[in-house]
Amino acid sequence: QDTTLKVGIMGGEDEAVWAAAAAQAKPAGLIIETVIFNDYTQPNEALANKDIDANAFQHGPYLEAQIAAHGYAITPVIDTAIFPIGLYSKKYKTLADLPDGAVIGLPNDPSNGGRALKVLEQLGLIKLNPEAGILATVIDVTENPRNFDLRELDAGVVGRAIDDLDAAVVNTDWAAKAGLLDFRVAQESGENNPYTNFIAVRTEDKDAAWVATLRTAFQSDAVKEAYASAYKGAAVPAW
């Protein structure tokens, strides 16, 4: 008997990825119905409330912050992809072109904001207090020799605000929605990257039989091809 699974995802390029996954799952008796969200805060709440059966939109530091804030019993079960977060600009083509005092937009939630600041540090633009860890905020900036104006904005807004900024660090899915993928100036390193995205389920379901079926369907060549087509190389499959 077929099993129907409601999976919460972010609208946009992931819809093509999950269409490929659904096609792979159907012959194995797993019917995938995607539920589209447009705000990072909603899919975990929906999963906890049993409105959906799984979600696929987040990395470990984000889920850890959500669990700390809300007490969710949610567990990662299947790795999907790494989306190297990038620095984008429509005004400047290289890091060297960025002027002193440039206005740089950053996501304002703890996990993605800390990740964005780490990227700026990797690129040699700022230095952070090493004790701040992956949840660093702008108050943890210890050196900013070029006096960049770091502006914190909602993760879904920062990419769309690019015309009003000199540059912005934008999550890949939001960069794709804002049509920015061709304006990437630099990106974070993929080495020892803790930001692998995954499919998450309620902890009570982590050993359900359909999880193994979903893993086989998702971690397939067809889904790899869908990532390559949808994200133009900005997503790196994690299997």
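The values are calculated or read from the model by the stated rules, or taken from the named source; none is laboratory data. Nothing here was measured: the structure is a model prediction, and the numbers come from that model. With ideal geometry, Cβ positions are generated from the backbone for all residues, glycine too; neighbour counts draw on all protein chains shown. When the accessible area is computed, the model is the full protein with side chains, heavy atoms only, and any ligands, DNA or RNA have been set aside. Shrake-Rupley method; radii C 1.70, N 1.55, O 1.52, S 1.80 Å.
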Can you find even one residue in segment 113-124 that is among the acidic types (Asp, Glu) and under 21 Å from the mean Cα position of the chain (by Cα)? yes
Candidate set: segment 186-233, residues that are of a type in the set (D, E, K, R), within 23 Å of Ser111 (Cβ to Cβ) and modelled with pLDDT under 95; chosen: the one surrounded by the fewest Cβ atoms within 10 Å (Cβ to Cβ): Glu191
If we scan segment 80-102, do we find a residue that is in contact with a strand residue (DSSP E or B) (Cβ under 9 Å, 6 or more places away or on another chain), among the hydroxyl-bearing types (Ser, Thr, Tyr), open to solvent by 10 Å² or more (accessible area, probe 1.4 Å) and within 30 Å of Glu204 (Cβ to Cβ)? no
Considering only segment 53-60, I want to know if a residue exists there that is farther than 21 Å from Ala212 by Cα and either open to solvent by 60 Å² or more (accessible area, probe 1.4 Å) or in the same structural domain as Val223 (by the TED database) (or both). no
Qualifying position, being within 30 Å of Gly71 (Cβ to Cβ), outside the structural domain of Thr75 (by the TED database), open to solvent by less than 30 Å² (accessible area, probe 1.4 Å) and modelled with pLDDT of 95 or more, among Ala155, Ala116, Ala132: Ala116
Show the residue pairs meeting these rules: Cβ distance below 6 Å; 6+ apart or different chains; first residue within segment 1-25 and at pLDDT below 95; second residue among the hydroxyl-bearing types (Ser, Thr, Tyr) and assigned to a helix (DSSP H, G or I). Glu13/Tyr231
Test Ala21 against the stated conditions and say whether it is of a type in the set (Gly, Ala, Ser), over 27 Å from Leu135 (Cα atoms) and assigned by the TED database to the domain that holds Ala230. yes
Count of residues meeting criterion [in contact with a strand residue (DSSP E or B) (Cβ under 6 Å, 6 or more places away or on another chain), open to solvent by 60 Å² or more (accessible area, probe 1.4 Å) and under 25 Å from Ser111 (Cβ atoms)] in segment 7-49: 1
